[in-house]
Amino acid sequence: MVGPCHWAFNDGAPMTFSSQRGPFPHTRLRRLRQAAWSRELATDRRLAPGDLIWPLFVLPGKNAQQPVSSLPDVSRYSVDLLLPQIEQAIAVGIPAVALFPVTPSELKTEDGREAVNPGNLVCTAVERIRSTFGDAIGIVCDVALDPYTTHGQDGLLDDGRIANDATVQVLCQQAVVQAAAGCTVIAPSDMMDGRVGAIRRALDEAGFHDVIIMAYAAKYASAFYGPFRDAVGSQQNLGSADKKTYQMQPVAFDEALHEAALDLREGADIVMVKPGLPYLDIVTRIKSELAVPTAVYQVSGEYAMICAAAQHGWLDRQACMLESLLSFRRAGADMILTYFALDAARALQAS
Ligand code: PBG
């Protein structure tokens, strides 16, 4: 008969008080917890600045900085003021930033055509960052139309529906324009079917074989994106509409794996799960079943919750920040997009 602890008591006896050798308890997990040095040695998951990607909001113009009220301590910056931010990120060992443009409303259209303008805000930002810092930091650009459309949807509308295939064509152009500006990681966040394969082909045909694709593979129709939509100004465009016909429903489980597997087959280099904390099970499943580079996005609402509670004195901001980021590593994520990136990297360096 094999007891629950047969590996520790391999005489085959079940673990009962009477069958244990020596005084109880024989196995003490607290032994390794008793000092900082032994806890350090026994650590089997780690969080480092090199795991973090920092999302940044880009404003048009010069010398402009606007705080985002629903994202405490997060500001939108014009490109000139963004550069010193990125310099700080490089200094603390953050490997990449993700750029999100705040498009002026006069440039938004029904078809989001500003997305494919090689002179648009995000392309200008990419060019400046690349010419200033070269390859010292990776630049991730979102591929989706929501910053550019008057209706705030990620795709083209056709008779009230999001037209998948027509949208994919525009997304391919958007990806190529961003790669031409110097973007090193293309991150399709739109959840159209077949877009990763189409974007891969378009990038390759344009000569951008080495541009990485980080697919928002398991992206849920979540209520946690609110502050982000405030930050980029897409909330007022979206109004009371939602994205449920293309983003996954929160209850979906197997479908997340299907999405990730498809994106990989179509050529994704990295698959992402988004949001993070409410979807840790999905991170674990993708990482353990597919064993591929896996990213997680700690989205705006997750960040806002921790900050808001900390502002009330109800939570310790730094401790909760690090604990939440560690949970992503424990779940299996290789990289984490988080608005805490700079603070977390600094805290990790200081510890
Ligand atoms: C746009 C996009 C969104 C986020 C990243 N890219 C919002 C959305 O899908 O509505 C959310 C990020 C966050 O909440 O921090 N396609």
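Values as computed for the structure displayed
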quantity	calculated
The chain, relative contact order [Cα under 8 Å, separation at least 6], %	17 percent
Trypsin sites (Lys or Arg not before Pro) restricted to DSSP loop in region 172-249 with at most 11 other C-beta within 10 Å	Lys244
Length added when fully stretched, Ala206-Arg113, from 0.36 nm per residue minus Cα-Cα	31.5 nm
Cα-Cα P(r), region 236-345, percent of pairs per 10 Å interval	13, 40, 31, 15, 1
Relative contact order for region 199-320, counting Cα pairs under 8 Å that sit 6 or more residues apart, in percent	30 percent
Percent of C-alpha pairs per 10 Å bin, region 164-267, short to long	14, 41, 35, 10, 0
Asp73-Asp165 pseudo-label distance in nm [points 7 Å out on the Cα-to-Cβ vector]	4.9 nm
Span-like helix ranges in the chain, DSSP H, alpha carbon extent 24 angstrom or more, Kyte mean at least -0.5	164-181
In the chain, lysine pairs closer than 16 Å at Cα, eight or more apart or cross-chain	7
Compactness index (Cα Rg / 2.2 N^0.38 Å), region 73-160	1.21
Per-residue Cβ neighbour rank within 10 angstrom, fewest leading, Ser240, Ser189, Ser38, Ser327	Ser240, Ser38, Ser327, Ser189
For the chain, the longest site-free run once chymotrypsin sites (Phe, Trp or Tyr not before Pro) in DSSP loop states with at most 14 other Cβ atoms within 10 Å are removed	18-252
Local electrostatic count at Gln174 - Lys and Arg +1, Asp and Glu -1, tallied over other residues with Cβ under 13 Å	-4
Gain in span if fully extended, Gln236 to Ala64, counting 0.36 nm per residue against the direct Cα distance	59.7 nm
Length-normalised contact order for region 18-134 - Cα pairs under 8 Å, 6+ apart - percent	24 percent
Length added when fully stretched, His26-Lys244, from 0.36 nm per residue minus Cα-Cα	73.1 nm
Cα pair count fraction exceeding 25 Å, expressed as % - the chain	56 percent
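Every number here is computed from the coordinates shown, using simple stated rules; none is lab data. For clarity, every value in this text was computed on a predicted model and none was experimentally measured. Glycine gets a Cβ as well: all are built from the backbone with ideal geometry, and neighbour counts include every protein chain shown.
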